[in-house]
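**Q** Below is a structure I'd like to ask you about.
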Amino acid sequence: MTVANLEQWSVADIARRIAAGEITAAQIVDDTLARISSLDGKLGAYLAIDPAGARAAAAEVDRKRAVGAALGPLAGVPIALKDVLVTRGLATTAGSRILEGWIPPYDAHVVERLRAAGAVIVGKVNCDEFAMGSSTENSAYHTTKNPWNLERVPGGSSGGSSAAVAAGLCAASLGTDTGGSIRQPAAFCGVVGLKPTYGRVSRWGVVAFASSLDQVGPLTRSVADAALVLEAIAGYDPRDSTSLDAPVPPYTAALTGEIAGLRVGLPSEFFEAMDDDVRAALARTAQALVDRGAELVDLSLPHTRLAMPAYYLVAPAEASSNLARYDGVRYGQRAEATDLIDMYARTRGAGFGPEVKRRIMLGTYALRTGYYDAYYKKAQQVRTLIKRDFDRAFRFCDVILTPTTPTAAFAFGAKASPVEMYQADVFTLSCNLAGLPGISVPCGLTGDDLPIGAQLLGKPLDEATVLRVAGVIEAAVGLGERRPPALSSARAGRTTKPGHAAPGSEP
Amino acid sequence: MALTRTEVEEIATLARLYLAPDELDRIQLELGVILAHFEELAAVDTTGIPAMTHAVPMDLRLRHDIAEPSLSQDEALAAAPRKADGLIIVPSSIAPPGRTGSEP
């Protein structure tokens, strides 16, 4: 019997092997659960594991195959979901105490789509509380460690997703990205993270943070996998009023490797301040694109410096409104109190952590009577200026290349103040403000063996070009088969040494 | 840009968010620092610039006012912290005599 190589096999590999009968979906799930059991104690990627649900979904895939029924494109592929995606019958906390113990009565649109494609939902992974943060340190439950170096953060807010994918504790994960929360953790953990165009993927059933910025997307170990997962989750959903009614192209077909004549924009504002290792990796990446026939175009996005203040107004303002629903009435935790208003305030005071409280306060301040025009409206106007910068830039280039982050993964506790933490997102924010598609793809390692991410930004709904160029970067300067060294000493024998049955594989 | 303690307490009341005295101290300080970073926005000339709504131009879509399948009453109530007879139970919405404000 074939033994699953969960560190290396891609989404496509797993689906193909199951379809070909080389391995069963049941065994993939058992091996995945065993690997989680042996490694996640060190990493802390998962918040909830669903062995029964995963085994049932895998059994259904194996049953379908046995009777010759059609298998979906993700049949038997083990996937972990960021805990802001609601899952019917499976606890969803958004990394917050206020939702502790909540069992949602429905699946998010993207979860429905994954299940329809045959994917096996293994469990829910950690994140910053309500997706507010850049290191997953704001989770109310526990920290998640970076599999490349256990002293470093995995990034955030989708840090459980990036760590689980990098460590082979799932084949792919869905995260959400409001200001970089897919791309930044992908860069820190050496995986691919794609934020689609705003409206490309339905937000129905996503725990809302900032509704005009939030978008769901895949974190995967390869660009082809990101394309495959995006194909499964993208498309129109009438339940999300911002969902785009646009055809979903076959993204996997876009990965031709052909970029001759393609114009790659380098915005000067994104190359001002960064670590030397990051600068060198980006230079190698740009050169690799030139070597394959692309043309580099120097350009300017002059309103870039306003992205941080605009983002940290718009996002908290929308969050303060969205999070008003957590009041202890219909679901989640409730604090005892003598009257209703007191109950709201005590429930929220006890249930939210420091960063969430900070952002609710900031947003409430910005939206109060008399301040709306000065703050929220002003920030939304600045978004238009940022968007116009990109519109102009895309007249001269087809895709924009930048670093994903100014540094590689930082140490726990390294960002002492909120503003310092916010500045870690400086390169990823404008993509959300302008609603564009963006990807982070690994483009090398630092001298300390920490992954570096290259970011590509595309025209609205042009995920295909972003993926195509990312595929070229992956092939030229990507990490190849290199996997996180921090786990090598703890590898489960069963997953890496064919022929050796591991004892006690039950998680 | 400094906020007064009274302003911070007012915002907490508006946000229906109980904050302990040490949390109020910290947030007063942090909000001041964060708001200072927003000063840059005020200096930008946005005369005649529309507020952004969506990356791709689209009309606001409204669905027809027709009932569609949804959660059953039992499902909708399943997670409520307190319920009885098919209803969600909450404390009185009128403060008991002698209490006027919403501050815990």
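The values are calculated or read from the model by the stated rules, or taken from the named source; none is laboratory data. Please read these numbers as outputs of a predicted model, since none were measured by experiment. A quick note on method: Cβ atoms are made from the backbone with ideal geometry, for glycine too, and the neighbour counts reach across all protein chains shown.
**Q** Given the conditions (1) surrounded by fewer than 22 Cβ atoms within 10 Å (Cβ to Cβ); (2) touching a Ser or Thr at 6+ places or on another chain (Cβ under 9 Å); (3) within 7 Å of chain B (Cβ to nearest Cβ); (4) assigned to a helix (DSSP H, G or I), and given that A:Tyr344 satisfies all but one, which numbered condition is not satisfied?
**A** Only one criterion in (1) surrounded by fewer than 22 Cβ atoms within 10 Å (Cβ to Cβ); (2) touching a Ser or Thr at 6+ places or on another chain (Cβ under 9 Å); (3) within 7 Å of chain B (Cβ to nearest Cβ); (4) assigned to a helix (DSSP H, G or I) is unmet by A:Tyr344, namely (1).
**Q** Looking for something more than 7 Å from chain B (Cβ to nearest Cβ), farther than 22 Å from B:Val44 by Cα and not in a helix (DSSP H, G or I) - is there at least one such residue anywhere in region A:302-324?
**A** no
Each row is one residue, and each column tells you yes or no for (1) surrounded by fewer than 23 Cβ atoms within 10 Å (Cβ to Cβ); (2) within 11 Å of another protein chain (Cβ to nearest Cβ); (3) part of a helix (DSSP H, G or I); (4) of a type outside the set (Phe, Trp, Tyr).
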position	(1), (2), (3), (4)
A:Gln333	yes, yes, no, yes
A:Arg348	no, yes, yes, yes
A:Arg358	yes, yes, yes, yes
A:Ala379	no, yes, yes, yes
A:Val382	no, yes, yes, yes
A:Leu385	yes, yes, yes, yes
A:Phe390	no, yes, yes, no
A:Leu436	no, yes, no, yes
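**Q** Do any residues in region A:11-29 that are free of Cβ contacts under 8 Å to residues at least 24 places away in the same chain have Cβ atoms under 7 Å from those of residues that are surrounded by 18 or more Cβ atoms within 10 Å (Cβ to Cβ) and among the aliphatic types (A, V, I, L, M), where the two are at least six apart or on different chains, and which pairs are they?
**A** Filtered contacts from region A:11-29: A:Arg17/A:Ile23; A:Ile23/A:Ala4.
Conditions (1) part of a strand (DSSP E or B); (2) within 14 Å of another protein chain (Cβ to nearest Cβ); (3) of a type outside the set (Asp, Glu), marked per residue:
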site	(1), (2), (3)
A:Val426	no, yes, yes
A:Cys431	no, yes, yes
A:Gly444	yes, no, yes
A:Asp448	no, no, no
A:Ala454	yes, no, yes
A:Ala464	no, no, yes
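**Q** Check region A:394-409 and report whether any residue there is within 29 Å of the chain's Cα centre (by Cα), of a type in the set (D, E, K, R), under 17 Å from A:Ile98 (Cβ atoms) and more than 8 Å from chain B (Cβ to nearest Cβ).
**A** no
**Q** Specify which of the listed residues (B:Ala67, B:Ala84, B:Ala2, B:Ala43) is modelled with pLDDT of 95 or more, exposed (fewer than 13 other Cβ atoms within 10 Å of the Cβ) and more than 7 Å from chain A (Cβ to nearest Cβ).
**A** The conditions single out B:Ala84.
**Q** Pick out the one residue from B:Ala12, B:Ala36, B:Ala55, B:Ala2 that is among the aliphatic types (A, V, I, L, M), in contact (Cβ under 8 Å) with a residue 24 or more places away in the chain and in contact with a Leu (Cβ under 9 Å, 6 or more places away or on another chain).
**A** It is B:Ala2.
**Q** With the condition kept exactly as written, say whether any residue in region A:82-89 is more than 19 Å from A:Cys170 (Cα to Cα) and either among the basic types (Lys, Arg) or in contact with a Ser or Thr (Cβ under 8 Å, 6 or more places away or on another chain) (or both).
**A** Yes, that holds for at least one residue.
To keep it simple, each residue is scored yes or no on (1) under 30 Å from A:Ser320 (Cα atoms); (2) assigned to a strand (DSSP E or B).
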| site | (1), (2) |
| --- | --- |
| A:Gly179 | yes, no |
| A:Gln184 | yes, no |
| A:Phe188 | yes, no |
| A:Arg200 | yes, no |
| A:Trp204 | yes, no |
| A:Phe209 | yes, no |
| A:Gly217 | yes, yes |
| A:Ala226 | no, no |
| A:Val229 | no, no |
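**Q** Go over the candidates A:Gly168, A:Gly155 one by one and state the one that is assigned to a loop (DSSP other than H, G, I, E, B), in contact (Cβ under 8 Å) with a residue 12 or more places away in the chain, more than 16 Å from A:Ala80 (Cα to Cα) and in contact with a helix residue (DSSP H, G or I) (Cβ under 9 Å, 6 or more places away or on another chain).
**A** A:Gly155
**Q** Related question: Output the residues belonging to region A:120-150 that are aliphatic (A, V, I, L, M) and touching a Lys or Arg at 6+ places or on another chain (Cβ under 9 Å).
**A** Restricting attention to region A:120-150, the residues satisfying the condition of being aliphatic (A, V, I, L, M) are A:120-122, A:125, A:131-132, A:140, A:150.
Across region A:120-150, the qualifying residues are A:Val120, A:Ile121, A:Val125, A:Ala131, A:Met132, A:Ala140, A:Leu150.
**Q** Something else now. State all residues of region A:360-373 that are at the interface with chain B (Cβ under 7 Å from one of its Cβ atoms) and surrounded by fewer than 24 Cβ atoms within 10 Å (Cβ to Cβ); if no residue qualifies, say none.
**A** A:Arg368 - this is the single residue of region A:360-373 that is at the interface with chain B (Cβ under 7 Å from one of its Cβ atoms) and surrounded by fewer than 24 Cβ atoms within 10 Å (Cβ to Cβ).
**Q** Evaluate region A:191-199: report whether one residue or more is touching a strand residue (DSSP E or B) at 6+ places or on another chain (Cβ under 9 Å), small (Gly, Ala, Ser) and crowded, with 24+ Cβ neighbours inside 10 Å.
**A** Yes, region A:191-199 contains at least one residue that is touching a strand residue (DSSP E or B) at 6+ places or on another chain (Cβ under 9 Å), small (Gly, Ala, Ser) and crowded, with 24+ Cβ neighbours inside 10 Å.
**Q** Could you identify the single residue in A:Asp237, A:Asp214, A:Asp245 that is more than 20 Å from the chain's Cα centre (by Cα), within 14 Å of chain B (Cβ to nearest Cβ) and either within 21 Å of A:Gly72 (Cα to Cα) or at pLDDT 95 or above (or both)? Break it down into steps so the answer makes sense when it comes.
**A** On the way: A:Asp214 fails: more than 20 Å from the chain's Cα centre (by Cα); A:Asp245 fails: either within 21 Å of A:Gly72 (Cα to Cα) or at pLDDT 95 or above (or both).
Of the residues listed, the single one that is more than 20 Å from the chain's Cα centre (by Cα), within 14 Å of chain B (Cβ to nearest Cβ) and either within 21 Å of A:Gly72 (Cα to Cα) or at pLDDT 95 or above (or both) is A:Asp237.
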